[in-house]
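Structure record follows, encoded as structure tokens.
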Amino acid sequence: MMPYLMAGILPDSASDFSGKYKLLWDEHYFYLQAEITDDVLLDTHADPTVNYWDDDTLEIFIDSDASGGNHQFNHSAFAYHIGLDNQAADYSFRQTSSPVYLACK
């Protein structure tokens, strides 16, 4: 179970919400395998750039130079959001730029 509460109430069981992940990297690629369990899946927004935080989504944040700070205003930080339908948005660009869609499998 995830022990941290971001909003609402804590899950009462591992079947309600739990997850695990594995990371690998080499000189060319970053690999992520994630397994998430949730008894109720929610995906109400077809566009992954609109209110993605209201849907069940996998969020990945990468701080490429370990500088810290808010990822929204840091050119070295990357944010990726992958929805249940495998639509993904890349928020690694400045706020004035349009998100780039990623291919997810």
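A short reminder: the numbers here are calculations on the coordinates, not readings from a lab. What you see is a predicted model, and the numbers here were worked out from it, not measured in a lab. So basically every Cβ, Gly included, is an ideal-geometry build from the backbone, and we count neighbours across all protein chains shown.
See the values below:
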quantity	calculated
Gain in span if fully extended, F30 to I60, counting 0.36 nm per residue against the direct Cα distance	9.6 nm
For peptides 33-41, 10-18, sequence by mean Cβ density within 10 Å, most packed first	10-18, 33-41
